[in-house]
Amino acid sequence: MLIGRYDFACTMQGDAILPPYKGSTFRGALGSALKKAVCVARRQECSACLLSSRCVYAQTFESGSHVSGSPIKASPPVPYVIEPPLNSQTYFSAGNPFDFSLLLFGKANESLPYFIYAFEIMGESGIGKKLKDGRGRFTLDNVKNNGITIYDFSTKKLKAPVIADINIEQPAGNIECSSITLKLLTPLRLKHNNTFSTELPFHILLRTMLRRISGLFKYFGDGEPPLDYRGIIADAQKAVIESSSLRWHDWERYSNRQEMAMMMGGLIGSVTYSGSLEQYIPLFKLCRDLHIGKQSSFGLGLFDYEPVLTGAEL
């Protein structure tokens, strides 16, 4: 599956007040800006629009209504992730830098110019709480890919990015992993037995990872990878929690679509698992770049991990 990472460097042009977690704000503003940039039938619902199958906005933000073939039980994943700043800063004054990243999956990388243009529209319209001078405006200075500038605001020229083709690696031979520490960098929202879980047994974490991999590769790659899902989950139930500092963290987001404030919550902190875990390292490595859990498009479910490895190849 193709995955492109694009790092946006911006500068605030006016004062702005943003929530501590900014992913939801960015997601809503991006949707509005992208529709403004590409929609030629603005008064028509996407589901009834003749152009929806070729429209960047419809395929990105209304994809649940435009899946070809037989009906599906759940909405497909979206082909992007917005990674806002990880700090909890809420006040930005004019001149402050404001950086974030965008991940695009599969053919969505071909639409990168539209996303860049949409973020420029966002900057002109402003984001965050409405102040006396309006919402916080910003300018997009440049976009980098793998540390190389591919777009500069002054020239308006876009260079071809380097897009990685990722897959599930085979576990390294002669390597043993006795424990893995998972560090949640943004809240993780996941359901087990149709309820949000406040605990994170290893098999539930693995179910979440496999669900994310399966969905993304199915819709934006070459199809679901040939994994022994049942076997992986069965083995994962043997792992135990060695220590945990996980806790539930609630935060509020405003939904423009539903026109109401909504309480969101997710797990933060860290947890250490022990057992024979070497076979799972490729899944951790892959999902670290994909995010896991619900609302991953907001940037939720970002994590890092530290394995304890022993073996001849180290």
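The values are calculated or read from the model by the stated rules, or taken from the named source; none is laboratory data. Values in this document were obtained by computation on a predicted structure and should not be read as measured data. Cβ coordinates were reconstructed from backbone atoms using ideal geometry, including for glycine residues, and neighbour counts include every protein chain displayed.
Scanning segment 1-60 for residues that are free of Cβ contacts under 8 Å to residues at least 24 places away in the same chain, in a helix (DSSP H, G or I), aliphatic (A, V, I, L, M) and touching a helix residue (DSSP H, G or I) at 6+ places or on another chain (Cβ under 9 Å) gives a single hit, ALA58. Only one entry in ASP133, ASP152, ASP141 is without any contact (Cβ under 8 Å) to a residue 60 or more places away in the chain and on the phi < 0 side of the Ramachandran plot, namely ASP152. With respect to ALA94, determine if the residue is over 24 Å from ALA160 (Cα atoms), at pLDDT below 90 and among the small types (Gly, Ala, Ser). No.
Out of the residues in segment 121-149 that are among the β-branched types (Val, Ile, Thr) and crowded, with 20+ Cβ neighbours inside 10 Å, which is modelled with the lowest pLDDT? This residue is ILE127.
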